[in-house]
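Presented below is the structure to which this report refers.
What follows is calculated from the coordinates using simple rules that are stated; it is not laboratory data. Since we're looking at a predicted model, the values are computed, not measured. Every residue, glycine as well, gets a Cβ built from its backbone with ideal geometry; the counts of neighbours run over all protein chains shown.
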Amino acid sequence: MSDRVRFIDDINEDPLIGDALKADVMRWSEEGEPSGADFERHVADYHRTLRRRLSFILVCLVVIVLTTGFAVTYGPLDIGFVETYVTIWHRITFNVVDSSLDFIVIDVRMPRIVAGILGGAGLAVCGVVMQCVLRNPLADPYTTGVSSGAAFGATVAITSGLSLMNGGNTVIMAFAFSLIPTLAMIALSKFTSTSPTTMIMTGIGIMYIFNALTTVLMLWSNPEDLASVYQWQVGSLAKVSWDDIPYMAALVIPGSIAVFLMAQKLNVMSIGDDCAKAMGINAPRMRVVFLALTGLLSAAVVSFTGIIGFVGLVTPHIVRIFIGADNRYLLPASAMFGAMLMIVADLLGRAVLSPTILPVGVMMAFIGGPTFLWLLMRRGNRVW
């Protein structure tokens, strides 16, 4: 089989490459070099696609800014939408006019919004990368066991009393145990010739092990600890403070930028290891690098927020509908959309059953579950 035929077969079999791109590859392989008119049409299509991609990112950014304003206004104390941004501007310019209002807006309400933006962006980027390098549309921090590892670590800290000695111990334990599934997949990739499918199955196996261990610890815990574990497992932004934000940002922002800079290699890896090798990319080594980055990213998020599912799973699929599968645009667009989705879910969780507050993890399940089913029905009989 020639390299050209193998390349076309890999394109057609890949579940993460859009049907339009597959059709173009088949047409070009049959027609050969395009004519002048075809070339102009492809250039026009490219510019139109580029405008759509950039417009999508811009719309997400605008929605984030507007939703942030609405999220800050919502609470026991009624604060105006414009007043919110004025207060933020006064803090930025070190010209605080109303100290009580500044405290409520900046110190009480803003940390959960900033954590939602960082967490949503980080989990969405992890979802894109995992689905590409593992070539599985169901890959995300939850299905690969990262979230379950963090839950077990937090449960150990809470039930053993470590969290009472120092509240930061819960975060440290959650972070440490969340890295175990990633390290297991990296070891599997480095020391054995294992397929991406086997790697994600390894993550799922570790996820069930951690879930079982967490359940055992919960059965042995007292009611007070059980309530704390449950609150951590459902995922919430309520307890995130400004003291936590630098630690999240220190991993999420540089990690996301590093992934963005390697988007071209991610594009090649999403086609298949053979094509990556033909283009001079060591696919197993890059898979280890990407898994390490996503492990740190997801651990940095879930160790502070708890388990929040569906962000990394559905966000890449939704964004691909609008802008396609080119990771140079898919990664930043997914980060924006994930951040938007997280703060919208948090706002709805506080507003739907007010004064009862639904944790953002529960609200994301209400949003993500039906969305994922809609994506399945939308594809019909087509393979992912």
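Arranged by the count of other C-beta atoms within 10 angstrom, fewest first, what order do HIS47, HIS90 take? The partial results should precede the final answer.
Working: HIS47 10, HIS90 17.
Listed from fewest to most nearby Cβ atoms, that is HIS47, HIS90.
Fewest Cβ neighbours within 10 Å first, please rank VAL229, VAL128, VAL252 accordingly.
On the way: VAL229 22, VAL128 32, VAL252 25.
With the fewest neighbours first, VAL229, VAL128, VAL252 line up as VAL229, VAL252, VAL128.
How would you rank 234-240, 291-297, highest first, on the average number of other Cβ atoms within 10 Å across their residues? If you can, show how the numbers build up before the last one.
Values: 234-240: 20.1, 291-297: 23.9.
Sorting 234-240, 291-297 by mean packing, highest first, produces 291-297, 234-240.
Using modelled amide H (1.01 Å from N, peptide plane; none on Pro or chain starts), what sits under 5 Å from the amide H of ALA325, excluding residues fewer than 5 places away?
Hits under the 5 Å cutoff: GLY18.
Could you list SER195, SER334 in order of exposure, starting from the residue whose Cβ has the fewest other Cβ atoms within 10 Å?
So the residues, fewest neighbours to most, are SER195, SER334.
Apply the Karplus parameterisation 6.51 cos²θ - 1.76 cosθ + 1.60, with θ equal to phi minus 60°, to every residue of the range 138-148 and state each ³J(HN,Hα) to the nearest whole Hz, in sequence, with x for glycine and proline.
Per residue, the Karplus-derived 3J(HN,Hα) values read 9, 6, 6, x, 7, 6, 8, x, 5, 5, 5 Hz.
With θ set to phi - 60° and the Karplus curve 6.51 cos²θ - 1.76 cosθ + 1.60, what are the ³J(HN,Hα) couplings of the range 343-351 in order, to the nearest whole Hz, using x for Gly and Pro?
6, 5, 4, 5, 5, 5, x, 7, 9
Counting Lys +1, Arg +1, Asp -1, Glu -1, what net charge surrounds THR198 among other residues with beta carbon under 13 Å of its beta carbon? Don't jump to the answer; show the numbers that get you there.
Numbers: positive: ARG135, ARG287; negative: none.
Taking every other residue near THR198 into account, the sum is +2.
Can you bin every Cα-Cα distance in the range 111-379 into 10 Å intervals starting at zero and give me the percent of pairs per bin, rounded to whole numbers?
Cα pair-distance distribution for the range 111-379, in percent: 7, 32, 37, 19, 5, 0.
Starting from one equal scatterer on each C-alpha and no solvent at all, send me the Debye-based log10 I(q)/I(0) for the range 224-294 at q = 0.15, 0.18, 0.21 Å⁻¹, two decimals.
-0.68, -0.78, -0.89
Residue-wise, which Karplus ³J(HN,Hα) couplings in Hz belong to the range 222-232, taking 6.51 cos²θ - 1.76 cosθ + 1.60, θ = phi - 60°, and x for glycine or proline?
7, x, 5, 5, 4, 5, 5, 5, 4, 4, 6
Just the Cα atoms of the range 255-379, one point each, no solvent: what log10 I(q)/I(0) does Debye give at q = 0.09 Å⁻¹?
Listed by q, the Debye log ratios stand at -0.32.
Decide, for the range 165-294, between rounded, prolate and oblate: order the square roots of the alpha carbon gyration tensor eigenvalues as a ≥ b ≥ c, take rounded if a/c falls under 1.5, and otherwise choose prolate if a/b is larger than b/c, else oblate.
Details: a/c = 3.30, a/b = 1.68, b/c = 1.96.
Taking the square roots of the gyration eigenvalues as a ≥ b ≥ c, the range 165-294 is oblate.
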